[in-house]
1. State all residues of segment A:237-265 that are at positive phi and either of a type in the set (A, V, I, L, M, F, W, C) or surrounded by fewer than 22 Cβ atoms within 10 Å (Cβ to Cβ) (or both); if no residue qualifies, say none.
2. Scan segment B:269-281 and tell me whether some residue there is closer than 26 Å to residue B:55 by Cα, touching a Phe, Trp or Tyr at 6+ places or on another chain (Cβ under 6 Å) and β-branched (Val, Ile, Thr).
3. Residue B:78 fails exactly one of the following numbered conditions: (1) free of Cβ contacts under 8 Å to residues at least 40 places away in the same chain; (2) within 12 Å of chain A (Cβ to nearest Cβ); (3) assigned to a strand (DSSP E or B); (4) not hydrophobic (A, V, I, L, M, F, W, C). What is the number of that condition?
4. Do we find that residue A:225 is within 24 Å of residue A:3 (Cα to Cα) and either modelled with pLDDT of 95 or more or among the hydrophobic types (A, V, I, L, M, F, W, C) (or both) in this structure?
5. Can you tell me which condition residue B:276 does not meet? The list is (1) assigned to a helix (DSSP H, G or I); (2) in contact (Cβ under 8 Å) with a residue 40 or more places away in the chain; (3) surrounded by fewer than 21 Cβ atoms within 10 Å (Cβ to Cβ), and all the others hold.
6. Report, by residue number, each residue of segment A:23-52 that is away from chain B (no Cβ under 14 Å) and assigned to a loop (DSSP other than H, G, I, E, B).
7. Would you pick out the residues in segment B:57-75 that are out of contact with any strand residue (DSSP E or B) (no Cβ under 6 Å at 6 or more places or on another chain) and of a type in the set (A, V, I, L, M, F, W, C)?
8. Can you find a residue in segment B:257-272 that is assigned to a helix (DSSP H, G or I), more than 19 Å from the chain's Cα centre (by Cα), free of Cβ contacts under 8 Å to residues at least 40 places away in the same chain and within 24 Å of residue B:307 (Cβ to Cβ)?
There are 2 protein chains.
Amino acid sequence: MIMTVTLNPAVDVTYRVPTLRPGDVHRITGVERRPGGKGVNVARVLHALGVEVVATGLSGGPTGAWLEAELDRYGVTSSFVPALPEVRTTVTVHADDGTTTSLWEPGHPPADPAGAANALLERCRRLAAGASALVVSGSLPPGVDQVLPARLVAVAERAGIPAIVDVDGEPLRLAVQAGHAVLMPNRDELARLDGAPVGGIDEVLAATGRLCERGAQAVIATLGADGLLARTPLGVWLARPPAPVPGNPTGAGDAAAAAVAAALSATADPARPDWALIVREAVALSASAVCRPVAGEVDLPSYRAWRDLVTVERLEPQ
Amino acid sequence: MIMTVTLNPAVDVTYRVPTLRPGDVHRITGVERRPGGKGVNVARVLHALGVEVVATGLSGGPTGAWLEAELDRYGVTSSFVPALPEVRTTVTVHADDGTTTSLWEPGHPPADPAGAANALLERCRRLAAGASALVVSGSLPPGVDQVLPARLVAVAERAGIPAIVDVDGEPLRLAVQAGHAVLMPNRDELARLDGAPVGGIDEVLAATGRLCERGAQAVIATLGADGLLARTPLGVWLARPPAPVPGNPTGAGDAAAAAVAAALSATADPARPDWALIVREAVALSASAVCRPVAGEVDLPSYRAWRDLVTVERLEPQ
């Protein structure tokens, strides 16, 4: 079983309009609501792959109850800690002219942030005993100590399971120092953490190298249409999709995290994961998420077809 | 007691952003949620005026429960019929550059539309026995027979109380035919119903005249910065605010409806309401709603000050 941790889940609302015109009243032609937050998306992708998963994290209030009921309806087991007054909403407006506009609420602070963090750590310790990997993804609700993802990495380390971490900013910086983590930043997150622009592959190589020096066990930089670069104790690999995939890139990183978690948790020798295979899987699954209009879904036939078409190259670490 | 009927209530969500840019991701800096829908706004304004009010209509689901709990928290008594699977959300994005963009969900159809309409009519018959006026405002959820506002007018007529109707399109056309109603269309609603453009006061006079010929008891056309024009069996009055009021015009029509309902329900001789006073009150209260950033609220000191400053003119009916 893989456990995904979502500290700031969301009700993802999608509106369809002909055109979004600032200043106008729009009568929405299509509305969809689904459970969201990056960790929840990872859980849904793992479930679609047939991997046993438990979605945990912080939740609460009527919108939290709705989110958990919907996950249950999808067949995804959840075990959230009811510490938030309410789960936030994210609104995405898809216009028929092709533009996608997002409005992200910040999240609701727990009444007792320290109590919420401790209750979640306790829940994760318990779940980790039966888990083969831990994934922590996405933002934190206001008020929660930004060290929480790093402490979750420590829980995974003590349980002897890999920790895949897709967080940003200060929580990412603190997770680097925790060691043990497989970090999955995108280019922007990597640049913010490194303090320097990260454009070409040479800069990605250099920035991931500095992260590993600072404590990360491995860094898998997700590079959009350029694929991804994995810097690991066993070497550096660059995997590229066969061609640019048109579609919705939201959720591509979550699919990549799901692929890495699934592959690491199925590794026979945890000391020697087959990174060439892992990056291939991650790029193929990530590209298959781009085909789907909403985050948290993958197109399984595309995924199977693309596994053979991804190019994987071993680079010299610099 | 005045009863307000909201057939398609809403959870009104307001987001604040620096600028709304189509195609971008916006991290929301301020979020507010409040009970909405035009009839609910009327109820809140009446409550602010110290008038006893019961908010009824169709509701249901977790968002309906939230809406009713919030009204209770404001001190507004509600008596909704739980016939909807869910109450819709409306999102309003206020940008710091002054633009206001609205995204209105259409509403959720009741599982049994005819049963919902009958249950609501029964509830309204019961409430009308203790009421001094009925207000029906706003849209209908999908699937509900558009004659429902007209049937509510008939309920008010049988109970011997005035019916103030602020609806649009086909429900407005059917409410005209019901007779008895005091209709409160804005310029656009009037033009849609009349089938001809309604610009200047002469056109408003002509269009309201045709509505009264078709059965309306009275028509109060709300004209934004131009004030309002009331065509009644006792004459025609035009009331104008002393000066343009800067602010948010959403909810100005709801405040006008609240003023008309309060004044009609306090009229000593129902056959001879003091329309000159009623239009003065409606313009002053409506202008005091424009001062407030959100619909359903009025600024009582401005209202009191403006009552004396509104100009009221009696026109010759044409």
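1. Answer for segment A:237-265, where residues must be at positive phi and either of a type in the set (A, V, I, L, M, F, W, C) or surrounded by fewer than 22 Cβ atoms within 10 Å (Cβ to Cβ) (or both): just A:247.
2. Yes - at least one qualifying residue is present in segment B:269-281.
3. Exception for residue B:78: condition (2).
4. It is false that residue A:225 is within 24 Å of residue A:3 (Cα to Cα) and either modelled with pLDDT of 95 or more or among the hydrophobic types (A, V, I, L, M, F, W, C) (or both).
5. Of the numbered conditions (1) assigned to a helix (DSSP H, G or I); (2) in contact (Cβ under 8 Å) with a residue 40 or more places away in the chain; (3) surrounded by fewer than 21 Cβ atoms within 10 Å (Cβ to Cβ), the odd one out for residue B:276 is (2).
6. Selection gives A:37, A:49, A:50, A:51, A:52.
7. Selection gives B:65, B:66, B:69.
8. Checked against the condition, which is being assigned to a helix (DSSP H, G or I), more than 19 Å from the chain's Cα centre (by Cα), free of Cβ contacts under 8 Å to residues at least 40 places away in the same chain and within 24 Å of residue B:307 (Cβ to Cβ), segment B:257-272 yields no hits at all.
The values are calculated or read from the model by the stated rules, or taken from the named source; none is laboratory data. Since we're looking at a predicted model, the values are computed, not measured. When we count neighbours, we look across all protein chains shown, and the Cβ atoms used for this are built from the backbone with ideal geometry, even at glycine.
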